[in-house]
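Rule-based calculations on the coordinates, nothing more; no lab input. In this text the structure is predicted, and so the values were computed from the model without any measurement. Reconstructed Cβ throughout: ideal geometry from the backbone, glycine too, with neighbour counts over all protein chains shown.
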Amino acid sequence: MKTLEDQTILLDTRDNSIHVLNKTGAVIWSLCDGTHTLSSIIDEVGKRFSAPEDANLEKDVVCLIESLREKNLLR
């Protein structure tokens, strides 16, 4: 993992693929550590980025987590 300004770059050494995450994606990825629930990840993202209460964060967080899983970037 390497952070450059507003992006985090993940290098998958299994196939040398590169994955770029924005700030929000990087926070979500870092919180997928096996100790946070989906609900706590959504809450933390909402707090860190001052999301309005009516924002549909769950859909966005779930979408990114599913994408990370599909790419085998999460265990």
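Quick rundown of the values:
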| read-out | value |
| --- | --- |
| Crossing angle, helix 38-48 versus the chain [Cα axis fit, 0-90 degrees, rounded to tens] | 80 |
| Cleavage-rule hits (GluC sites (Glu not before Pro)) in the chain: DSSP loop, at most 10 neighbouring Cβ within 10 angstrom | 5, 53 |
| Helix axis angle, 57-70 relative to the chain longest principal axis, alpha carbon, degrees | 20 |
| Segment residue 15-residue 36, extension gain: residue separation times 0.36 nm, minus the distance between their alpha carbons | 4.8 nm |
| Backbone HN-Hα couplings from phi across region 22-34 [Karplus 6.51/-1.76/1.60, Hz, Gly and Pro as x] | 7, 4, 5, x, 5, 5, 4, 4, 5, 7, 7, 10, x |
